[in-house]
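Taking it in order: structure first as structure tokens, then the write-up.
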């Protein structure tokens with residue numbers, strides 16, 4: 001007899017797990033199919049966890065800024081609900097971010113960023129060199145100025161762990177080693193331990209991140225992986241704020257971890273960490289924060305951001321009964337609550353929120369039809 005579920009989600013990264021959790025809270029029974037053990041390939045395991053709609057507004061389409069700000073606004077309550085459901089701390093911090101200039105060229109780039117912030121109604125506090133050093137005494141003496149923005153942070157690895165516990169407590173299943181090959185209305189075809197398998201479902205969701213494009217579906221998603229390298233250092237906590245320069249970011253954790261990132265490369269699924277990338281990140285990190293030299297290099301991480309052709313996510317219905325929640329590129333952690341809440345509402349019969357309109361996955365089918 002064929003197995004059947006209310007919802008099957010192809011992908012056990014932060015988006016897929018969060019969506020499954022939202023659906024279980026709405027009374028749906030979800031099965032998550034994840035290809036790698038423990039979501040080892042999930043981009044969120046590598047991500048620094050910056051919730052940065054203000055810091056990165058110059059990199060975002062206006063529609064994406066609106067979605068990002070909506071998600072940032074709901075993050076605190078969402079994080080606390082997840083902590084209550086799982087019993088685990090997810091590392092949500094509200095200290096804020098300092099965007100720091102080490103020379104005049106940096107100041108020019110920061111002023112460019114401020115122009116975008118003003119245009120989109122976002123505020124930032126201008127800080128002098130002495131104000132920056134007062135806020136973070138370990139910063140380099142070469143700091144010449146900067147701004148403070150109200151961006152926040154979480155620990156994505158803790159969120160992934162908390163989501164798995166919350167799902168287990170709610171009775172949902174995460175099936176690891178399941179390589180999804182095709183999704184269609186009513187059926188998901190996947191391979192598990194070398195055996196071709198199918199599961200029937202009322203609804204199916206493609207949420208496999210950078211691997212979403214390899215899944216056969218009625219609408220082809222033009223997905224590609226963008227490789228990123230991140231360093232994790234350990235030792236004395238040197239910072240209270242997230243610190244960014246135009247060349248590097250440094251994200252402190254309460255347990256003494258310092259996340260340094262990040263590179264972006266178009267190298268397909270090349271997992272090789274290159275010495276030059278590690279050198280460049282450490283060089284820029286020590287220019288901003290000299291104490292980095294004394295920290296332990298604990299981990300070199302490579303991950304793959306899921307990038308669609310227009311660098312905007314795909315969130316919504318692909319075809320009857322088939323949905324997408326993928327392509328979040330640089331913003332997967334930030335956009336997790338808004339993606340999970342708004343898409344779960346649609347899947348449960350609510351009218352789509354207007355925020356989702358620019359991210360309709362069927363926009364790619366419309367482009368292909370005109371060629």
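The values are calculated or read from the model by the stated rules, or taken from the named source; none is laboratory data. These numbers come from a predicted model, not from an experiment. Don't worry about glycine lacking a Cβ; one is built from the backbone with ideal geometry, like all the others, and counts go over all protein chains shown.
Summary of values
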read-out	value
Single residue of 77, 71 found to be within 26 Å of residue 311 (Cα to Cα), at pLDDT 95 or above and outside any loop (DSSP other than H, G, I, E, B)	71
Residue 174 within 25 Å of the chain's Cα centre (by Cα), buried (at least 23 other Cβ atoms within 10 Å of the Cβ), more than 21 Å from residue 330 (Cα to Cα) and in the same structural domain as residue 12 (by TED's automatic domain parsing)	no
Some residue of region 26-41 being surrounded by 24 or more Cβ atoms within 10 Å (Cβ to Cβ) and modelled with pLDDT under 95	yes
Candidate set from region 162-171 (those that are over 21 Å from the mean Cα position of the chain (by Cα) and either at pLDDT 95 or above or in a helix (DSSP H, G or I) (or both)); member that is farthest from residue 7 (Cα to Cα)	169
Test: residue 267 is at pLDDT below 95 and either over 30 Å from residue 8 (Cβ atoms) or assigned by TED's automatic domain parsing to the domain that holds residue 45 (or both)	yes
Residue match in region 113-133 (condition: more than 24 Å from residue 59 (Cβ to Cβ) and either part of a loop (DSSP other than H, G, I, E, B) or in contact with a helix residue (DSSP H, G or I) (Cβ under 6 Å, 6 or more places away or on another chain) (or both))	yes
Unique residue being surrounded by 22 or more Cβ atoms within 10 Å (Cβ to Cβ) and not assigned by TED's automatic domain parsing to the domain that holds residue 177 when the list is 48, 44, 101	101
Single condition residue 339 does not satisfy, out of (1) at pLDDT below 95; (2) crowded, with 22+ Cβ neighbours inside 10 Å; (3) assigned by TED's automatic domain parsing to the domain that holds residue 43	(1)
Pick from region 134-159, criterion buried (at least 23 other Cβ atoms within 10 Å of the Cβ) and assigned to a helix (DSSP H, G or I), ranking: nearest to the chain's Cα centre (by Cα)	156
Filter pass, residue 200 being part of a strand (DSSP E or B) and surrounded by fewer than 14 Cβ atoms within 10 Å (Cβ to Cβ)	yes
